[in-house]
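Notes for the one structure printed next.
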Amino acid sequence: MTEKLDLTLTVNGRSFAIRVEPRRTLADALRTDCGLTGTHLGCEHGVCGACTVIVDDKAVRSCLMFAVQAEGSLIRTVEGLADGETLNPLQQAFHEHHALQCGFCTPGFLMLATAILEADPRIGEDDLRHALSSNLCRCTGYQNILIAVRAAAEKMR
Ligand code: FES
Ligand code: FES
């Protein structure tokens with residue numbers, strides 16, 4: 001059996017001391033070891049984007065990153081977006097513009113969109129479409145996701 005490592009992950013401003021095998025993915029560490037199940041796992045091989053979180057201001061697929069690689073970084077997950085019961089502008093826009101149906105892809109889209117808008121709050125339509133196309137949604141047809149992200153971008157500017 002592989003020896004386990006002691007790690008400290010910083011997630012949404014909180015420290016989580018965990019003990020995991022070196023091969024543990026960040027997605028599994030967040031969900032199982034930190035108890036943050038808002039990050040979803042779909043394909044588990046980097047295709048769907050359901051597991052997207054933000055690591056040091058960049059959107060990453062947490063199923064493709066080992067937990068050990070994230071030690072010392074600032075990790076943000078969907079649990080960190082709302083302020084108590086108050087949704088943040090992106091979450092509110094997803095709600096208002098019906099940008100989710102089953103909701104499975106939603107945490108990944110919210111984190112991807114957060115990173116996109118933080119990097120460029122004035123991102124153009126084509127670039128936004130291109131950036132959001134990296135995540136998959138089986139339900140919405142994407143149109144309302146685009147509308148919601150655009151609406152949130154306007155509010156956040
Ligand atoms: S679960 Fe990570 S990309 Fe699909
Ligand atoms: S809302 Fe169901 S997969 Fe996107």
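Since every read-out is calculated from the coordinates, none of them should be taken as a lab result. Source: prediction; values computed, not measured. So basically every Cβ, Gly included, is an ideal-geometry build from the backbone, and we count neighbours across all protein chains shown.
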## Note on the structure
With x for Gly and Pro, the residue-by-residue ³J(HN,Hα) of the range 132-137, computed from phi through the Karplus equation 6.51 cos²θ - 1.76 cosθ + 1.60 at θ = phi - 60° and given in whole Hz, is 6, 5, 6, 9, 9, 9
### Query
Just in the range 1-58: which trypsin sites (Lys or Arg not before Pro) are loop by DSSP and have at most 14 other Cβ atoms within 10 Å?
LYS4, ARG23
### Task
Grab the eigenvalues of the alpha-carbon gyration tensor for the range 1-116, scale each by 5, take roots, and send me the semi-axes largest first in whole angstrom.
25, 15, 11
### Task
Enumerate the amide H contacts of THR52 below 5 Å, restricted to partners 5 or more residues apart or on another chain; note that Pro and chain-start residues carry no placed amide H.
SER62, GLY108
### Task
Calculate one ³J(HN,Hα) per residue across the range 107-115 by plugging θ = phi - 60° into the Karplus curve 6.51 cos²θ - 1.76 cosθ + 1.60, and present them in order as whole Hz with x for glycine and proline.
x, x, 5, 4, 6, 4, 5, 4, 5
### Message
Given Cα positions, please report Rg to Rh for the range 89-156, the hydrodynamic radius being the Kirkwood one.
### Response
0.91
### Pairs of Cα atoms farther than 13 Å apart, the range 54-100, %
64 percent
### Query
For PHE66, which sequence-distant residues (separation of 5 or more, or a different chain) have an amide H within less than 5 Å of its own amide H, given hydrogens modelled in the peptide plane?
LEU26
### Summary
Filtering GluC sites (Glu not before Pro) in the range 1-76 by DSSP loop and by at most 12 other Cβ atoms within 10 Å leaves GLU3
### Query
By average Cβ neighbour count within 10 Å, what is the ranking of 109-115, 148-154, 92-98 from highest down?
109-115, 148-154, 92-98
### For the range 36-53, 3J(HN,Hα) per residue [Karplus equation, 6.51 cos²θ - 1.76 cosθ + 1.60, θ = phi - 60°, Hz, x = Gly/Pro]
9, 8, x, 6, 9, 10, x, 6, 6, 9, x, 9, 8, x, 4, 8, 4, 10
### Message
For the chain, what does the helix formula give at 222 nm: sum of -39500 (n - 2.57) over DSSP H segments with n ≥ 4, over the residue count, nearest 500 deg cm²/dmol?
### Response
-8500 deg cm²/dmol
### Message
Give me the one-decimal nm value for the distance between modelled label points at ASP57 and THR8, 7 Å along each residue's Cα-to-Cβ direction.
### Response
2.3 nm
### Query
Spin-label point model (7 Å from Cα, Cβ direction): what's the VAL47 to ALA119 distance in nm?
2.3 nm
### Cut-off 14 Å, label 7 Å out along Cα→Cβ of LEU64, residues of the range 1-36 by amide N
26-27
